[in-house]
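Participant: This structure is in structure tokens; I'll ask about it shortly.
The values are calculated or read from the model by the stated rules, or taken from the named source; none is laboratory data. Note that the structure is predicted; figures quoted are calculated from it, not measured. FYI the Cβ positions are ideal-geometry reconstructions off the backbone, even for glycines, and counts take in every protein chain you see.
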Amino acid sequence: MTVDSIASASREPHRQAPRRILVVDDHDAMRRALSDLIESREGLTVCAVAASAEEAVALFDATSPDLVVADLSLPGMDGIELTRELRDRRPDLPVLVVSSHSPKRYAERALAAGARAYLPKREAVAALVPTILESLGPEG
């Protein structure tokens with residue numbers, strides 16, 4: 001490597017690896033929609049998708065995501081229990097709970113379990129990516 005090539009390389013912007021997101025929803029169409037929204041943003045990638053909390057826990061251990069987007073209503077363990085489980089494993093993990101249920105009834109419970117945010121599904125198209133970026137911080 002020459003001095004000129006070293007200088008040129010140092011002027012190139014540093015490209016950070018994409019931030020890895022695990023998407024958990026029991027509806028295939030919703031998993032795809034959330035994944036497509038996430039993948040549309042440069043710097044974010046979906047590292048795995050799960051249809052249940054149990055599957056999400058296994059994928060979490062295998063993929064080490066930077067953030068989890070989880071539905072509230074899941075078969076077996078619900079999104080609130082999943083949030084607690086994942087935050088017990090990694091306390092700094094941002095978890096965003098999305099739901100078609102009323103925020104008045106469930107948002108407080110999700111946040112108390114350690115979720116970073118509670119998003120109604122009807123607002124997910126507009127709010128998901130900005131909320132992910134905010135939750136990941138300056139590197140997001």
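Participant: On the given criteria, is S102 more than 17 Å from H27 (Cβ to Cβ), polar (S, T, N, Q) and either at pLDDT 95 or above or surrounded by 13 or more Cβ atoms within 10 Å (Cβ to Cβ) (or both)?
Facilitator: no
Participant: Another question about this same structure. Within region 97-123, count every residue that is within 16 Å of R87 (Cα to Cα), under 15 Å from the mean Cα position of the chain (by Cα) and not aliphatic (A, V, I, L, M).
Facilitator: 3
Quick grid of which residues meet (1) more than 21 Å from L59 (Cα to Cα); (2) in contact with an Asp or Glu (Cβ under 6 Å, 6 or more places away or on another chain):
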site	(1), (2)
L74	no, yes
M77	no, no
D88	no, no
P91	no, no
H101	yes, no
Y106	yes, no
A112	yes, no
A117	yes, no
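Participant: Within 19 Å of R32 (Cβ to Cβ), buried (at least 22 other Cβ atoms within 10 Å of the Cβ) and at pLDDT 95 or above: is that true of P65 in this structure?
Facilitator: Here the answer is yes, as P65 does meet what is asked.
Participant: Same structure again: Of the residues L34, L22, which is part of a helix (DSSP H, G or I) and touching a helix residue (DSSP H, G or I) at 6+ places or on another chain (Cβ under 9 Å)?
Facilitator: Testing whether each residue is part of a helix (DSSP H, G or I) and touching a helix residue (DSSP H, G or I) at 6+ places or on another chain (Cβ under 9 Å) leaves just L34.
Participant: Within the group D78, D71, which residue is among the acidic types (D, E) and closer than 21 Å to A127 by Cβ?
Facilitator: D71
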